[in-house]
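*Asks:* Let me give you the structure first, and then I'll get to my questions.
The values are calculated or read from the model by the stated rules, or taken from the named source; none is laboratory data. None of these values were measured; they are calculated from a predicted model. Every residue, glycine as well, gets a Cβ built from its backbone with ideal geometry; the counts of neighbours run over all protein chains shown.
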Amino acid sequence: MIYECPRCHDLLEIRYDYERMASQVDTKLWRSRPFSLWRYLEQIPISGETRIVTLGEGGTGLHKSENLADDLGLNKLRIKFEGENPTGSFKDRGMTVSVSKALEVGARMVACASTGNTSASLSAYAARAGLRCVVLIPAGKIGQGKLAQAIAHGATILEIEGNFDDALRSAIELTKRNKSIALMNSVNPFRIEGQKTLAFEICDQLDFRSPDVIVVPVGNAGNISAIWKGFEELIKLRIIDKVPRMIGIQAEGAAPIASAYKQKNSEIQIVQRPETIATAIRIGAPASWKKALRAVRDSQGAMETVSDEEILQAQKDIARREGLFVEPASASSVAGLKKLLEQDLIDRDEEIVCVATGHGLHRHRRHAGGKLHCHLPDSGLLLCC
Ligand code: F0G
């Protein structure tokens, strides 16, 4: 599989004949199906013969968050809680599609780099599909619950000395050299096709209306790009008549896209040593930065940064005021919302959806002490150096 345009090196994107799709789309048919992302089957590029690898992803709650709304002086605030997905994050939306596609094209093995959630998700879907799986993770920097899932599902886990960006470079190299291994990071356009359904679901849950504002944590920037693609498609399919402003939130110590946005630069400057307590978004060289900047620009949205203290406070607020336990990266959307309100960038009467991308049970793991490990499925912990 190729992921980049051989000429301009931009990431590939899946497009459809939207006029034809608009004439065939049937929201009554959607509603007659169970509330899951496969409700939108005709909008996902999977052929009728493909075996769909599913664990019951999507169909997550859009929780009215009245307590937090009161605290912030807002009228309409909702949290889309992606921690309700089978492995605890929105990544499952992408994996059900990309792993099904990998089976369709005859892949035997799948691989990804990850700050944790992608590896947990891919390991589960690969297990379900009967595919071998290798995940590359930054040593000592991923949540315990995420690593536990990858081990439980029998993935080969390679801990990389370095950060997510180093792991992604290695994963790309590995899959370029071994054509039989399919790369499952969000540079894979089928991941984006699954993740765009987050937008479909939000509109579906609002009776085919779009909210005014979506606030979403940004790391490698696949998700904000996917959600925006979803909203753009809903317009092309004539299901909604306006799109929301897309607001991306990055952690202060890992904010190349937010910095470029604020400085009005058209290119990002890579952050060599990204640092934040929100390990899931500890990324300095996001692969989908161009798409993210485009989403923010085209939707007249914004990018903002939040400190680790603001993230932890928001995590606590969401847990204590709304009963939702989200991981730090996920809480950055609510932390960012507070900042945007302080700057009057959001009107208090607007309808706002904060995406809480992953479950809080994915606790951070204490690092074992400078050793690199390779966990192989059958032999447990095999290699130390
Ligand atoms: N929130 C959580 C909980 C995440 O795990 C991630 C990304 C993001 C937000 C950011 O999404 O990368 O599409 O902008 N986690 C990836 C991983 C990088 O490997 O699990 P993004």
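Okay, residues lined up against (1) surrounded by 24 or more Cβ atoms within 10 Å (Cβ to Cβ); (2) within 13 Å of Ile202 (Cβ to Cβ); (3) within 13 Å of the ligand (Cβ to nearest atom):
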site	(1), (2), (3)
Asn220	yes, no, yes
Trp228	yes, yes, yes
Arg238	no, no, no
Asp241	no, no, no
Arg245	no, no, no
Ala255	yes, no, yes
Ser259	no, no, no
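*Asks:* Just checking, which of Glu19, Glu49, Glu13, Glu42 is closer than 22 Å to Gly230 by Cα, charged (D, E, K, R) and in a loop (DSSP other than H, G, I, E, B)? First the steps, then the outcome.
*Replies:* Numbers: Glu19 fails: in a loop (DSSP other than H, G, I, E, B); Glu49 fails: closer than 22 Å to Gly230 by Cα; Glu42 fails: in a loop (DSSP other than H, G, I, E, B).
The conditions single out Glu13.
*Asks:* Within region 5-25, does at least one residue satisfy the condition of being surrounded by 13 or more Cβ atoms within 10 Å (Cβ to Cβ) and closer than 17 Å to Glu201 by Cβ?
*Replies:* Checked region 5-25: at least one residue is surrounded by 13 or more Cβ atoms within 10 Å (Cβ to Cβ) and closer than 17 Å to Glu201 by Cβ.
*Asks:* Sticking with this structure for a sec: With (1) touching a Pro at 6+ places or on another chain (Cβ under 9 Å); (2) without any contact (Cβ under 8 Å) to a residue 60 or more places away in the chain; (3) not acidic (Asp, Glu) as the list, and Ala329 as the residue in question, which single condition is left unmet?
*Replies:* Answer for Ala329: the failing condition is (2).
Yes/no per residue for (1) more than 13 Å from the ligand (Cβ to nearest atom); (2) modelled with pLDDT of 95 or more; (3) out of contact with any helix residue (DSSP H, G or I) (no Cβ under 6 Å at 6 or more places or on another chain):
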{"residue": "Gly83", "(1), (2), (3)": "no, yes, yes"}
{"residue": "Ser89", "(1), (2), (3)": "no, yes, no"}
{"residue": "Arg93", "(1), (2), (3)": "no, yes, no"}
{"residue": "Val99", "(1), (2), (3)": "yes, yes, no"}
{"residue": "Gly116", "(1), (2), (3)": "no, yes, no"}
{"residue": "Ala127", "(1), (2), (3)": "yes, yes, yes"}
{"residue": "Leu136", "(1), (2), (3)": "no, yes, no"}
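*Asks:* Further, regarding this structure: Given the criteria touching a Lys or Arg at 6+ places or on another chain (Cβ under 9 Å), touching a residue at least 24 places away in the same chain (Cβ under 8 Å) and within 16 Å of the ligand (Cβ to nearest atom), does Arg209 qualify?
*Replies:* On the way: touching a Lys or Arg at 6+ places or on another chain (Cβ under 9 Å): yes; touching a residue at least 24 places away in the same chain (Cβ under 8 Å): yes; within 16 Å of the ligand (Cβ to nearest atom): no.
When the stated conditions are applied, Arg209 does not pass them.
*Asks:* A further question on this structure: Can you pull out every residue in region 228-253 that is part of a helix (DSSP H, G or I) and either within 17 Å of Cys354 (Cα to Cα) or within 16 Å of the chain's Cα centre (by Cα) (or both)? Steps first, please.
*Replies:* So in region 228-253, the residues part of a helix (DSSP H, G or I) come out as 228-236, 252-253.
Hits for region 228-253 are Trp228, Lys229, Gly230, Phe231.
*Asks:* If Asp207 meets every condition in (1) in contact with a strand residue (DSSP E or B) (Cβ under 6 Å, 6 or more places away or on another chain); (2) within 28 Å of Asp17 (Cα to Cα); (3) outside any helix (DSSP H, G or I) apart from one, which number is that one?
*Replies:* Checking Asp207 against (1) in contact with a strand residue (DSSP E or B) (Cβ under 6 Å, 6 or more places away or on another chain); (2) within 28 Å of Asp17 (Cα to Cα); (3) outside any helix (DSSP H, G or I), the one that fails is (1).
*Asks:* In a helix (DSSP H, G or I) and of a type in the set (A, V, I, L, M, F, W, C): which single residue out of Val296, Val271 fits that description? If you could, list the steps in order and put the result at the bottom.
*Replies:* On the way: Val271 fails: in a helix (DSSP H, G or I).
Every option except Val296 fails the conditions.
*Asks:* Let me ask something else about it. Going by what's in this entry, would Ile52 be described as out of contact with any strand residue (DSSP E or B) (no Cβ under 6 Å at 6 or more places or on another chain), without any contact (Cβ under 8 Å) to a residue 60 or more places away in the chain and among the hydrophobic types (A, V, I, L, M, F, W, C)?
*Replies:* On the way: out of contact with any strand residue (DSSP E or B) (no Cβ under 6 Å at 6 or more places or on another chain): yes; without any contact (Cβ under 8 Å) to a residue 60 or more places away in the chain: yes; among the hydrophobic types (A, V, I, L, M, F, W, C): yes.
Yes.
*Asks:* Another question about this same structure. So is Leu131 away from the ligand (no atom under 15 Å from the Cβ), crowded, with 19+ Cβ neighbours inside 10 Å, over 19 Å from the mean Cα position of the chain (by Cα) and closer than 23 Å to Phe325 by Cβ or not?
*Replies:* Values: away from the ligand (no atom under 15 Å from the Cβ): yes; crowded, with 19+ Cβ neighbours inside 10 Å: yes; over 19 Å from the mean Cα position of the chain (by Cα): yes; closer than 23 Å to Phe325 by Cβ: no.
No, not satisfied.
*Asks:* For region 299-325, which positions are away from the ligand (no atom under 15 Å from the Cβ) and assigned to a loop (DSSP other than H, G, I, E, B)?
*Replies:* Ser299, Gln300, Ser307, Gly323
*Asks:* Might you check whether a residue that is among the hydrophobic types (A, V, I, L, M, F, W, C), assigned to a loop (DSSP other than H, G, I, E, B) and either more than 16 Å from the ligand (Cβ to nearest atom) or more than 21 Å from Leu62 (Cβ to Cβ) (or both) occurs anywhere in region 179-188?
*Replies:* yes
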